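Visitor: First, the structure itself, so that you have it in front of you.
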Amino acid sequence: MKTPRIGSFWTAVLTLLIVYGLVKWGIPAVSREVTTLPFPLPVPGTLMFFYMMLTLIALFLMISFSDEALDDFLRPIKKLLRGGYGKAFRAAFLLAVPLLAGWQVYETIVPRAEAPVSLRIQHPSSNFPKSSEALKNPFASPTEAQVAAFIEQAKANEVTFVPQVQEDVDNWMNEADPDHVLELFASAPVKKLLAQIKAGKVEPETAKAALLEKNLFEGRALYAMNCRACHGDSTAGDGPMADGFKLRPINFTDNGTIETIVEGYTFWRVANGGPGLPVEATPWDSAMPEWKLSLTEEERWKIILAEYNLAQKTPRIPESH
Ligand code: HEC
């Protein structure tokens, strides 16, 4: 058999590395091309084990094929052990191998505190008041009276915001000196409303759409001030503080979270936070604050409106509907 230039020892090492790389990164990369999903499909650990075992068996056959092949394979190893690469290198190598093995054993054996997979109930209902079940977000579908009041405010350029936002809006008004305060978030519905105000004829549907934009704007601002640190800009539970908690802040873009619960339940969870959870939501205590202590009902509803909107989810419809 023709021996490869680099010797069969390094051929074996390279082959192992290449196969590992192909399975670990190559297959997921190709899967992404094939499925066109926005994420790669991971290779299960058992499959990796399988591929590596098969590669090892093939290499073993190659190495033990003949006495020369075996000699060729063992040559660098013998050279190392006899000090052919230098005594210092040999000492370092012989020290590194047991250390590495020891570290590996330590890594697998050391007990880790991880949240139990199934014991904790994420959406407990034992102390959830039934009366909250059918609650609807009043800021998601404003009443005629609210729309009428908003039209009057908009016409007079006297639209007001929740206090946390008002100060910044005032500062912006002083700096930018716009014709109308709503220009602050001039999306299509708002532009349409401003045009209708100018023309002197405002349609209620236009005003309703613009009012919804205003509610969302306030909700997003409140979210950024209060929730972002844990739940993240993207609402994926990856805010700058998220890694600090054993029980991670919830990823709202995940299908199993706020999409599976009715709005009234979300409202109750946000109001009562971790302290309001019953025992079945333990063993890990939730760091989720009790927002009823620092935010008004209006503010909490507006945040929930923004939370669903940012995560691009819709709440579950209550069963009675
Ligand atoms: C200090 C970090 C922290 C902050 C700030 C925070 N949360 Fe949470 N939140 C958590 C953690 C941790 C959980 C997961 C444990 C739990 O379910 O209580 C959670 C869970 C939730 C849930 C439950 C979702 C589900 O499907 O079960 C909702 C809803 C929620 N948060 C909304 C909010 C809103 C709205 C704000 C801002 C007003 C906010 N959170 C601010 C840490 C935080």
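Readers should treat all values here as calculations from the given coordinates under stated rules, not as data from a laboratory. Here the structure is a predicted model, which is why all the values come from computation and not from measurement. Every residue, glycine among them, receives a Cβ derived from its backbone with ideal geometry; neighbour counts consider all protein chains shown.
Visitor: Which order do peptides 279-288, 41-50 fall in by mean Cβ count within 10 Å, highest first?
Guide: The most tightly packed comes first, giving 279-288, 41-50.
Visitor: With only alpha-carbon pairs counted, each pair once and no self-pairs, how large is the Kirkwood hydrodynamic radius of segment 9-133 in angstroms?
Guide: 19.8
Visitor: State, to one decimal in nm, how far the label point of Glu158 lies from the label point of Leu14, with both points 7 Å from Cα in the Cβ direction.
Guide: 8.1
Visitor: Right, another one. Ile6 versus Asp71, label points 7 Å from Cα toward the beta carbon: distance in nm?
Guide: In this crude label model, Ile6 to Asp71 measures out at 2.4 nm.
Visitor: Kyte-Doolittle mean at least 1.6 and Cα extent at least 18 Å along the axis: which DSSP H helices of the chain qualify?
Guide: Those that pass (Cα extent of 18 Å or more, hydropathy at least 1.6) are 8-21, 45-63.
Visitor: Continuing with this model, one more query. What are the radius of gyration and Dmax of segment 164-247, computed over its Cα atoms and given in Å?
Guide: Looking at segment 164-247, its Cα Rg and Dmax stand at 16.8, 57 Å.
Visitor: Cut-off 11 Å, label point 7 angstrom out along Cα-to-Cβ of Ala195: give me the residues of segment 146-188 whose amide nitrogen falls inside.
Guide: 188
Visitor: Let me ask another. As I understand it, the dipole of the chain uses +1 on the Cβ of Lys and Arg and -1 on the Cβ of Asp and Glu, about the Cα centre. Which of Phe65, Phe150, Ile109 lies farthest toward its positive end?
Guide: After comparing all options, I get Phe65.
Visitor: Nearest 0.05, what FRET efficiency do Ala186 and Trp103 give at R0 = 56 Å with Cβ-Cβ as r?
Guide: According to the calculation, E is roughly 0.45.
Visitor: Please tell me which of these pairs span more than 19 angstrom C-alpha to C-alpha: Lys155/Lys198; Lys208/Lys302; Lys191/Lys214; Lys136/Lys292; Lys246/Lys313?
Guide: Result: Lys246/Lys313 exceed 19 Å.
Visitor: Further, regarding this structure: What is the gain in length, in nm to one decimal, between Thr143 and Arg32 on full extension, counting 0.36 nm per residue of separation less the C-alpha to C-alpha distance?
Guide: Once the chain is fully extended between Thr143 and Arg32, it gains 35.3 nm.
Visitor: Moving on to the next point. Report, in debye and to the nearest 20, how large the dipole of segment 47-102 comes out about its Cα centre when Lys and Arg carry +1 and Asp and Glu carry -1 on their Cβ.
Guide: The dipole of segment 47-102 has a size of about 400 debye.
Visitor: Can you give me the Cα centroid spacing of segment 155-184 and segment 259-283 in angstrom?
Guide: First find each Cα centre; the distance between them is then 35 Å.
Visitor: So, with +1 on the Cβ of K and R and -1 on the Cβ of D and E, and no other charges, what is the size of the charge dipole of the chain about its Cα centre, to the nearest 20 debye?
Guide: Roughly 1820 debye for the chain.
Visitor: Hey, another quick one. Provide Trp291, Trp172 in ascending order of the number of other Cβ atoms located within 10 Å of each residue's Cβ, fewest first.
Guide: The most exposed by this proxy come first: Trp172, Trp291.
Visitor: Of Gly102, Gly273, Gly244, which is the most mobile in a GNM of the chain whose springs link Cα atoms less than 10 angstrom apart?
Guide: Answer for the Gaussian network model of the chain: Gly102.
Visitor: Ok, one more. What full-extension length gain, to one decimal in nm, is calculated for Leu61 and Thr314 as 0.36 nm per residue of separation minus the Cα-Cα distance?
Guide: So the extension gain works out to 85.3 nm.
Visitor: Oh, and also: For the chain, what does the helix formula give at 222 nm: sum of -39500 (n - 2.57) over DSSP H segments with n ≥ 4, over the residue count, nearest 500 deg cm²/dmol?
Guide: -17000 deg cm²/dmol
Visitor: Once you have all Cα-Cα distances for segment 133-311, histogram them in 5 Å bins from zero and send the whole-percent values.
Guide: 1, 8, 15, 19, 18, 13, 10, 8, 5, 2, 1, 0, 0
Visitor: Next question, about the same structure. For segment 99-191, give the magnitude of the charge dipole about the Cα centre (Cβ charges: +1 Lys/Arg, -1 Asp/Glu; no others), in debye to the nearest 20.
Guide: It works out to roughly 820 debye.
Visitor: A follow-up question, please. Relative contact order for segment 8-109: what percent, with Cα pairs under 8 Å and sequence separation of 6 or more?
Guide: 25
Visitor: For a quick check: sort His123, His231 by the number of other beta carbons within 10 angstrom, fewest at the front.
Guide: If I rank by nearby Cβ atoms, fewest first, I get His123, His231.
Visitor: Then there is this: Under the rule of at least 5 residues apart or a separate chain, name every residue whose amide H is placed under 5 Å from the amide H of Val262.
Guide: Arg316
Visitor: Now for a different question. Lys/Arg Cβ at +1, Asp/Glu Cβ at -1, dipole of the chain taken about the Cα centre: which of Gly232, Gly21, Pro44 is farthest positive-ward?
Guide: Checking the options against the dipole of the chain, the answer is Gly21.
Visitor: Now a separate question. So, in nm, how far is label Ala176 from label Ser126 when the simple model puts each one 7 Å beyond its Cα toward the Cβ?
Guide: If labels sit at Ala176 and Ser126, their model points lie 5.0 nm apart.
Visitor: Related question: How big is the gap, in Å, between the Cα center of segment 62-138 and the Cα center of segment 289-319?
Guide: Going from one Cα centre to the other spans 41 Å.
Visitor: Over the Cα atoms of the chain, Rg to Rh with Kirkwood Rh, two decimal places?
Guide: Rounded to two decimals, Rg over Rh is 1.21.
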